[in-house]
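Notes to accompany the following structure.
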Amino acid sequence: TLSRTLIPTLPPNYLSRKHLFPLLDQASPSTTVVIAPAGYGKTSLVAEFVASLDIPVVWITLNDSDDAKSFAAHFVQAIRNVFPEFGQWFSLDEEVVLKVFLAKTLQEIGQIPEKIVLVLDNNRVKHGDGAPFAELYLNLVPANVHTIAIRRDIPSQAFTHIKSLPHVNIFEKQE
C-alpha cells in the first residue's frame, strides 16, 4: 500500500522531542539505528526530524507480511515517491533475488546527485533473521545516503556486529 511508502503524518497531540534531533542528524554516508520497544515514539521522532530537513527523504515501513517481492515493490515505490523515474528496470512480473535487487537499487540510488535520507521503519513483530539483509545493505549503501533504521530490538549477535561498523550511530531507549 502507498501508506507504507510515505512519511507518517503526525497527530496534532504528538510529543515533540526536537532536543533529540542532534542524535539523528548525521552526515552521509552513515547509518543511525533507533531502538526502543513499541510505544516509545520512535516513528514519530524520526517523522518529525525528517520533516525538518531540506533534502529528499525516502521512507519505507516494513512489516511481517513482507517477502522479497513485496519488499522490493514497496522499496521501489518509496523511492519513486521522491524520484519518479527511478527503477525503470523493475518489474513485479520477474522473480526477485534480494541480493541482486539490493545491489541494483542501491547502485542506482548512488547515481542520484543529491544527498538523501532513507528511513527503514521496521514495524515487524516476528524476529526473522534480518542480519544477512542488514549486512548486505550496509556493505552496498552508497555514500550519498544517510540511513535511519527504526527497530523495536536487535538480536544480540547482530547488535554487536552493527555496533562495530564504521559510521553507525546507535540510539537506544535511554536516550
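List of remarks:
- Matching residues in segment 1-22 - criterion: being of a type in the set (D, E, K, R) and under 26 Å from D64 (Cα atoms): R4
- All positions within segment 53-109 that are within 16 Å of F133 (Cβ to Cβ) and among the acidic types (D, E): D64, D66, D67
- Screening D66 with (1) crowded, with 17+ Cβ neighbours inside 10 Å; (2) charged (D, E, K, R); (3) within 22 Å of V168 (Cα to Cα) gives one miss only, at (3).
- Residue satisfying condition, being among the aromatic types (F, W, Y), over 17 Å from L118 (Cβ atoms) and at pLDDT 95 or above, within set W59, W89: W89
- Scanning segment 48-73 for residues that are under 17 Å from V145 (Cβ atoms) and part of a helix (DSSP H, G or I) yields F49, V50.
- When segment 1-20 is limited to residues that are of a type in the set (S, T, N, Q) and open to solvent by 100 Å² or more (accessible area, probe 1.4 Å), the one that is farthest from L118 (Cα to Cα) turns out to be N13.
The values are calculated or read from the model by the stated rules, or taken from the named source; none is laboratory data. Please read these numbers as outputs of a predicted model, since none were measured by experiment. Glycine also receives a Cβ, built like all others from the backbone with ideal geometry; neighbour counts cover every protein chain displayed. Heavy atoms of the whole protein, side chains included, go into the accessibility calculation; ligands, DNA and RNA do not. Shrake-Rupley method; radii C 1.70, N 1.55, O 1.52, S 1.80 Å.
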